[in-house]
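A.B. asks: Take this structure first; my questions come after.
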Amino acid sequence: MKIVYLSLGSNIGDREQMLQCALDRLHAPDLRIKRISPVYETEPLDFKEQRLFLNMVVEAETDLFPMMLLSRIQRIELQLGRRRTGPPKGPRTIDIDMLLHGGSTVHSARLEIPHPRMHERRFVLAPMVDLAPNLRHPQLRRTMRDLLSQLESQKVRKVDFTPRAPSTAASPGGKPAF
């Protein structure tokens with residue numbers, strides 16, 4: 001079993017419902033969600049003329065290989081209405097990124113692990129710090145807390161929305177879900 005971290009984001013439609021649907025579809029016998037971070041509202045990067053995002057990070061256990069997990073993630077994105085037709089970094093119903101997959105390093109045309117820009121994104125690092133502040137980036141060798149402290153750009157704020165955790169997962173901040 002490998003520990004994986006996934007980033008979820010939405011800024012089209014009912015953002016809270018999209019995050020919940022993604023959580024529900026991700027959780028399966030071969031991908032068990034263990035903990036979920038608090039949800040953050042974040043300003044968009046790059047393509048600024050769009051609605052604010054809701055973002056969170058999920059910690060899960062899986063026996064899926066990285067490319068198998070990527071296929072599952074992309075299938076869920078399609079099921080939830082994700083279309084890659086607009087501007088790059090534009091609005092989306094749901095975006096699920098694989099941040100880390102155990103100690104794996106992958107460099108292919110379809111997938112890079114660790115996620116190549118996770119250390120530059122407050123909307124990823126803030127929820128990562130909630131779940132695993134002392135986890136070290138496998139290439140940069142710095143903790144998530146240290147990487148977050150180095151970022152000055154992008155505003156993020158915790159929101160009151162708390163997704164319902166799958167039955168075996170823990171709620172935001174790693175607390176038991178029941």
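Any read-out appearing in this document is the output of simple, stated calculations on the displayed coordinates, not a laboratory observation. Everything numeric in this text was worked out from a predicted model, so none of it was measured. Note: ideal-geometry Cβ built from the backbone for every residue, glycine included; neighbour counts use all protein chains shown.
A.B. asks: Any idea which of 148, 66, 108 is furthest toward the positive side of the dipole for the chain, if Lys and Arg beta-carbons carry +1 and Asp and Glu beta-carbons -1?
C.D. replies: Of the listed residues, the answer is 108.
A.B. asks: Also: Applying 1/(1 + (r/R0)^6) with R0 = 30 Å to the Cβ-Cβ distance of residue 63 and residue 145, what FRET efficiency is obtained, to the nearest 0.05? Show your work: numbers first, answer last.
C.D. replies: Details: r = 29 Å, r/R0 = 0.97.
Computed FRET efficiency for residue 63 and residue 145 comes out at 0.55.
A.B. asks: Taking the Cα centre of the chain as the origin, how large is its charge dipole in debye, to the nearest 20, when only Lys and Arg (+1) and Asp and Glu (-1) carry charge on their Cβ atoms? Don't jump to the answer; show the numbers that get you there.
C.D. replies: Numbers: 28 positive and 20 negative charges, 23 e Å.
My answer is approximately 120 debye.
A.B. asks: What is the Cα centroid distance between segment 1-19 and segment 107-150, reported in whole angstrom?
C.D. replies: Their Cα centres are 16 Å away from one another.
A.B. asks: Among (i) 73, 47, 25; (ii) 118, 37, 35; (iii) 40, 38, 35, find the value of Cα extents along the principal axes in Å that was calculated from the structure presented, and write down its label.
C.D. replies: After the calculation, the listed value that fits is (iii).
A.B. asks: By the gyration tensor of its Cα atoms, with a ≥ b ≥ c the square roots of the eigenvalues, what is the shape of segment 1-89: rounded for a/c under 1.5, prolate for a/b over b/c, or oblate? Spell out each step's value before the answer.
C.D. replies: Working: a/c = 2.01, a/b = 1.61, b/c = 1.25.
Prolate, since a/c reaches 1.5 and a/b exceeds b/c.
A.B. asks: Treating the beta-carbon of each Lys and Arg as +1 and of each Asp and Glu as -1, no other charges, what is the dipole magnitude of segment 1-95 about its Cα centre, to the nearest 20 debye? Show your work: numbers first, answer last.
C.D. replies: Details: 15 positive and 13 negative charges, 50 e Å.
Once rounded to the nearest 20, the dipole reads 240 debye.
A.B. asks: I'd like the GluC sites (Glu not before Pro) in segment 92-165 restricted to DSSP loop residues with at most 12 other Cβ atoms within 10 Å, sorted by number.
C.D. replies: Values: sites: 112, 120, 152; in loops: 152.
In loop regions of segment 92-165 (DSSP not H, G, I, E or B), the sparsely surrounded GluC sites (Glu not before Pro) are 152.
A.B. asks: Also, quick follow-up: When only DSSP loop residues count, what trypsin sites (Lys or Arg not before Pro) in segment 1-70 have their Cβ near at most 11 other Cβ atoms within 10 Å?
C.D. replies: On the way: sites: 2, 15, 25, 32, 34, 35, 48, 51; in loops: 48, 51.
Of the trypsin sites (Lys or Arg not before Pro), the ones in loops of segment 1-70 whose Cβ has at most 11 other Cβ atoms within 10 Å are 48.
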